[in-house]
Number of protein chains: 2
Amino acid sequence: MDDRIKQALIDIVGKPNFTDSLIDLVSYSYDASDHDHRPAAAAWPTRSEQVSEILVMANEHGFPVTPRGAGTGFAGSGVPVRGGLVLDMCRMIRIIDIRIPDRQVIVEPGVVYADLEKALSPYGFFFPPDPASGKVCTLGGNVATNAGGIKGAKYGVTKDYVLGLEVVLPDGRIMRTGSRCMKSSSGYDLTRLFVGSEGTLGVITQITLKINPRPTATRTALALFSTLKDAGRAVTGIMHSGVIPSVLEILDENTIRALSEHGGMDLPDVTAMILIETDGYTDTEASYQMSKVAQVLRENNATHIQEAASAQEAEKLWKARKSAGSVAARLRANNVSEDVTVPISKVPDLLTRISETVRKYDLPFVIFGHAGDGNLHPKIMYDRTDPEQVRKVQKAVYEIFKLTCDLGGTLTGEHGIGLAKAPYMHLEHDPVALDLMRSLKVLLDPNNILNPGKMNLDR
Amino acid sequence: MDDRIKQALIDIVGKPNFTDSLIDLVSYSYDASDHDHRPAAAAWPTRSEQVSEILVMANEHGFPVTPRGAGTGFAGSGVPVRGGLVLDMCRMIRIIDIRIPDRQVIVEPGVVYADLEKALSPYGFFFPPDPASGKVCTLGGNVATNAGGIKGAKYGVTKDYVLGLEVVLPDGRIMRTGSRCMKSSSGYDLTRLFVGSEGTLGVITQITLKINPRPTATRTALALFSTLKDAGRAVTGIMHSGVIPSVLEILDENTIRALSEHGGMDLPDVTAMILIETDGYTDTEASYQMSKVAQVLRENNATHIQEAASAQEAEKLWKARKSAGSVAARLRANNVSEDVTVPISKVPDLLTRISETVRKYDLPFVIFGHAGDGNLHPKIMYDRTDPEQVRKVQKAVYEIFKLTCDLGGTLTGEHGIGLAKAPYMHLEHDPVALDLMRSLKVLLDPNNILNPGKMNLDR
């Protein structure tokens, strides 16, 4: 990137919102995935018009632009793999409007998930997806990757809450999609085309999100199992029971051991654990659902079922679950964290097959995840400086994707495709669907300037 | 359409699945809207491959193809406005699979909404949208128009339940979108591009729908108001209260009078009525929510609040509400039925402004609708043979759309754009968004053979 272009970028965003210092560029070469590539520069736009001007320039001069949130993604969606400019959206942080009776908020993409939670809390409302990285991840990143979290079983994921967007298209045009209404059948659903598009079709500069009243009663329980199969069957049985828990999480024995040995938790030595939360407006409702769940747990040979006696105790359980990924990550220098997802009835199969598969490669791994929506997180720890371990991980990951797709599953339930899963898109998608995705990319971004190299979309 | 083409169509679908008899073509020239145009022929495909062959032929010979469900649409989406072939999907009626633990069903597009309800009932599950035409409308039509219904406030609309589709693209390629998983962040959301696209981008030949366990407890109540404004404010207040009723319907005085005088209902002479249902797994939960709602109703000057004493009484109320449209329609030979939608807080404004606007034109009208998601149904009755009345209706409808969009609303909450609202797309949509919709249409259907003339998409 020559100095003329850099100066033009400074002219657009202002000197304090531009950087090409080495330390910044090294930071911007990574996200939470195992991929990295150094950009030539980075900018912090503060208005849609700046994004627009930058994209017009990128088309003229042919440099790639990679939008980025907090960099917590596991798939490399924010890694500037072809260099060029990183567009860090973290300085667009206004919560523009909170409209409680309309059940919606309007935010800029750099707002951190937890900050929105804090702002909504006094009204008794919340934005449900609740990603594990909620304390740092941005809402723009949530929308771009269609992020999910532990409330997915009952409350769905980000896409279920996006009512409208302001998007800067690759050619620089600023577009408004959707509406501020709870529903609309007016024209094509452009909003959803951009949700989960990982910054390859446009740069999101404003988001209208639906919000929900927060349930006022919850019950939390844990159940222990001596086989993975029983735990998996309990999940299927719960779905059959007609109760949809607000949280239904599963942890395998390796996860439990990691939390005990390295996470300061006092957990029993069992093969599988299920954590359940039920909710409602009344204690009766939450308890009734939990009693139905408990019956299913017993029928599926739970060796122990324990309800949290207090909110503090429940909080401790969720903290343990949320820290599972980071605790396990400490076992080696590097790790890959996947988010394969299958139809719920296939969770028992997926659990046992991933376990059998990864065990062959003799690397530490854990499996935990959102069993209630079929989403598991196998995490394999390794040392990137050992080529043998790298080869093993690559093989194991391929096998996990293959067996997931063979079970009718999807490569990613909530992280996105990015770089990490790009080579495997054909395992999941119909060739006609892949072809249409590529045509959409060409239609919107003919010069391939916006986050190129991702999602296997290049023609 | 020449005989050679007709014979080729017969060769594809078989003689009993083709018609060009006058009586059939007259039937196929209408839907439930005020628009009509006679096609040259109609076919009932029974397999995706037949649809594919027909579309390839249509491209070769340049004839329009208009897919159609049960013809219950109010927007003219299924009217073959440029002639050509009607593709009646009503013979693709298989419920292919019911997968309770996966929370999903796989159906063909011709399955009637009520038939799916019946099939799911023994499992305690349901497909929530519940359109008023549920006894006859097809699921393919529901998906094509993103249909809603009285459960929208809490349970959303059709788009919130479509996990995947099989679609025949305009060029004849058969494509599978989405997956059988509860969530996925894998690639662009092609599924949603087709939901609500009114048969202009592809022909839907298979649908995977998410289903929900049916709540086991409900409470129903009605509240009467002496002003529209109070009723509207009560709606806003309920949203503020943190309770989302499963049903929150509003009926204006004209609707109430029509139901009393022509619908055999015994209703008091008041300005507005609200019908509310709350639900849950336990009576305690449903009652608790209803008590919170009742408090809001009282605070907003409800003159009378009455809970249904039994399931039968509740059923009677829903029947009354669902018949409101057809009862009112009897007042004149013709009617237009709109489905304008605004942010929930704007419901009081929309109600009073529509009332003031339509009153000027001295035609019978009613307003009722799904207040809980901001969706109102103004219905104006008139006589199509009187040019003066036609002019009045056109003016009134334009004014309704204009004031809706001025309130930040959408032209259509659940019926679709079709022909009826095509001229008004610019009132709602950003020009860049409209331009992108047209580009998508050209990308997928360059010869404009699939349901041409709809949604103001022609370049």
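The values are calculated or read from the model by the stated rules, or taken from the named source; none is laboratory data. As the structure is a prediction and not an experimental result, all values here were calculated from the model. All Cβ positions, even for glycine, are placed from backbone atoms using ideal geometry, and neighbour counts span all protein chains on display. The accessibility values were calculated without ligands, DNA or RNA, using every heavy atom of the protein model including side chains. Shrake-Rupley method; radii C 1.70, N 1.55, O 1.52, S 1.80 Å.
Relative to the longest principal axis of the C-alpha atoms of chain A, give the angle of the C-alpha long axis of helix A:431-444, reported between 0 and 90° and rounded to the nearest 10°.
So the inclination is approximately 40 degrees.
How would A:Glu49, B:Glu299, B:Glu277, B:Glu117 rank on accessible area, largest to smallest, probe 1.4 Å?
B:Glu299, A:Glu49, B:Glu117, B:Glu277
Provide the per residue accessible area, probe 1.4 Å, for the protein assembly as shown, rounded to a whole number of square angstrom.
Values: 31610 Å² over 918 residues.
Result: 34 Å² of accessible area for each residue.
Does anything in the range A:360-377 have its amide N under 20 Å from the 7 Å Cα→Cβ label point of A:Gln394, and if so which residues?
Once the point is set 7 Å along Cα→Cβ of A:Gln394, A:360-364 turn out to lie under 20 Å by backbone N, inside the range A:360-377.
Rounded to the nearest 10 Å², what accessible area does A:Thr208 have for a 1.4 Å probe in the complete protein model?
Taking all protein chains as shown, A:Thr208 has close to 10 Å².
Tell me the net charge near A:Ala58. Cut-off is 11 Å between Cβ atoms, A:Ala58 excluded, with +1 for each Lys or Arg and -1 for each Asp or Glu. Walk me through the numbers before you get to the answer.
Values: positive: none; negative: A:Glu53, A:Glu60, A:Asp171, A:Asp445.
Cβ neighbours under 11 Å give a net charge of -4.
For a test of the definition: using alpha carbon positions, the gyration tensor, and the 1.5 limit on a/c, classify the range B:217-406 as rounded, prolate or oblate.
Cα axes put the range B:217-406 in the prolate bin.
Compute the angle between helix A:253-262 and the longest alpha-carbon principal axis of chain A, please, reported from 0 to 90 degrees and rounded to the nearest 10.
Between helix and principal axis, roughly 80 degrees.
Are there any residues in the range A:191-234 with a reduction of at least 50 Å² in accessible surface when going from the isolated chain to the assembly of protein chains? Probe 1.4 Å, please list them by number.
Going by heavy-atom accessible area, the residues of the range A:191-234 that drop by at least 50 Å² are A:Arg192, A:Leu193.
Relative contact order of the range A:217-406: what whole-number percent is it, with Cα pairs under 8 angstrom and at least 6 residues apart? If you can, show how the numbers build up before the last one.
On the way: 353 pairs, mean separation 53.3, N = 190.
It comes to 28 percent, rounded to a whole number.
Under the definition of Cα pairs under 8 Å and six or more residues apart, what whole-number percent is the relative contact order of chain B? Before the final figure, lay out the partial values.
Details: 1017 pairs, mean separation 73.0, N = 459.
With pairs under 8 Å counted, the relative contact order is 16 percent.
Label-point separation (nm) for A:Ser439 and B:Arg438, each offset 7 Å from Cα along Cα-to-Cβ?
A separation of 2.0 nm, rounded to one decimal place.
From the label point of A:Lys15, set 7 Å along Cα to the beta carbon, how far off in nm is each other copy's matching point, shortest first?
Copy-to-copy label distances for A:Lys15: 8.7 nm.
Decide, for the range A:317-363, between rounded, prolate and oblate: order the square roots of the alpha carbon gyration tensor eigenvalues as a ≥ b ≥ c, take rounded if a/c falls under 1.5, and otherwise choose prolate if a/b is larger than b/c, else oblate. Working shown, then result.
Values: a/c = 2.38, a/b = 1.22, b/c = 1.95.
Oblate, because a/c is 1.5 or more while a/b does not exceed b/c.
For the residue pair B:Lys319 and A:Asn447, what label-to-label distance in nm results when each label sits 7 Å from Cα along the Cα-to-beta-carbon direction?
6.6 nm
Heads up, I need the accessible area for B:Arg91: 1.4 angstrom probe, whole protein in place, Å², nearest 10.
For B:Arg91, solvent-accessible area is about 100 Å².
Evaluate the range A:3-88: find the radius of gyration of its Cα atoms, find its Kirkwood radius, and give the ratio Rg to Rh.
0.95
What are the distances, in nm and sorted shortest first, from the label point of A:Tyr30 to the label points of the same position in each other copy, with each label point placed 7 Å from Cα along the Cα-to-Cβ direction?
From this label point to the equivalent ones elsewhere in the assembly: 6.9 nm.
At a probe of 1.4 Å, how much accessible area disappears from chains B and A on forming the pair, both sides counted, to the nearest 100 Å²?
Values: alone 19250 and 19270 Å², together 31610 Å².
Protein heavy atoms only, the B-A interface buries about 6900 Å².
Regarding the protein assembly as shown, what are the three Cα extents along the principal axes, ordered largest first, in Å?
84, 61, 60
Between 0 and 90 degrees, rounded to the nearest ten: what's the tilt of helix A:347-359 against the longest Cα principal axis of chain A?
80 degrees
What whole number of Å gives the distance from the Cα centroid of the range A:358-420 to the Cα centroid of the range A:308-330?
23 Å
Within 10 Å of each Cβ in peptide B:284-292, how many partner chain Cβ atoms are there on average? Round it to a whole number, please. The partial results should precede the final answer.
Details: counts 8, 10, 3, 2, 8, 4, 0, 0, 1.
Shielding by partners across B:284-292 averages 4.
Taking 45 Å as R0, compute the FRET efficiency from the Cβ-Cβ separation of B:Arg359 and A:Arg330 and round it to 0.05. Don't skip to the end; give the middle numbers.
Details: r = 71 Å, r/R0 = 1.58.
In this case the efficiency is close to 0.05.
Using the beta-carbon distance between A:Lys135 and B:Tyr123 and R0 = 56 Å, what value does 1/(1 + (r/R0)^6) give for FRET efficiency, to the nearest 0.05? The partial results should precede the final answer.
Details: r = 40 Å, r/R0 = 0.71.
Between A:Lys135 and B:Tyr123 the formula returns 0.90.
Starting from the 7 Å offset along Cα-to-Cβ, what nm value, one decimal, do you get for the label separation of B:Ser291 and A:Arg214?
Modelled inter-label distance: 2.3 nm.
So for B:Arg219, A:Arg332, what's the accessible-area order with a 1.4 Å probe, most first? Please report the intermediate quantities before stating the final value.
On the way: B:Arg219 70, A:Arg332 95 Å².
In descending accessible area the options line up as A:Arg332, B:Arg219.
Tell me, what is the percent relative contact order of the range A:95-213, built from C-alpha pairs under 8 Å that lie six or more residues apart? Before the final figure, lay out the partial values.
Working: 234 pairs, mean separation 38.3, N = 119.
Rounded, it is 32 percent for the range A:95-213.
If N is the number of residues in chain B, what value comes out of its Cα radius of gyration divided by 2.2 N^0.38 Å? Don't skip to the answer; put the middle values down first.
Details: Rg = 22.2 Å, N = 459, 2.2 N^0.38 = 22.6 Å.
Computed over Cα atoms of chain B, the ratio equals 0.98.
At a 1.4 Å probe radius, carbon and sulfur cover how many percent of the accessible area of the range B:321-459?
That fraction is 48 percent.
Once you order the gyration tensor axes a ≥ b ≥ c over the Cα atoms, which shape class does the range A:288-353 get: rounded for a/c under 1.5, otherwise prolate or oblate by comparing a/b with b/c?
Working: a/c = 2.57, a/b = 1.28, b/c = 2.00.
Oblate is the answer for the range A:288-353, as a/c is 1.5 or above yet b/c matches or exceeds a/b.
Taking a label point 7 Å out from Cα toward Cβ, give me the nm distances from B:Arg47 to the same spot in the other copies, shortest first, one decimal.
Distances between equivalent label points, in nm: 6.1.
So how do B:Asp2, B:Asp102, B:Asp349 rank on accessible area, 1.4 Å probe, biggest first, that is with the largest at the start?
On the way: B:Asp2 70, B:Asp102 5, B:Asp349 45 Å².
Most to least solvent-accessible, the answer reads B:Asp2, B:Asp349, B:Asp102.
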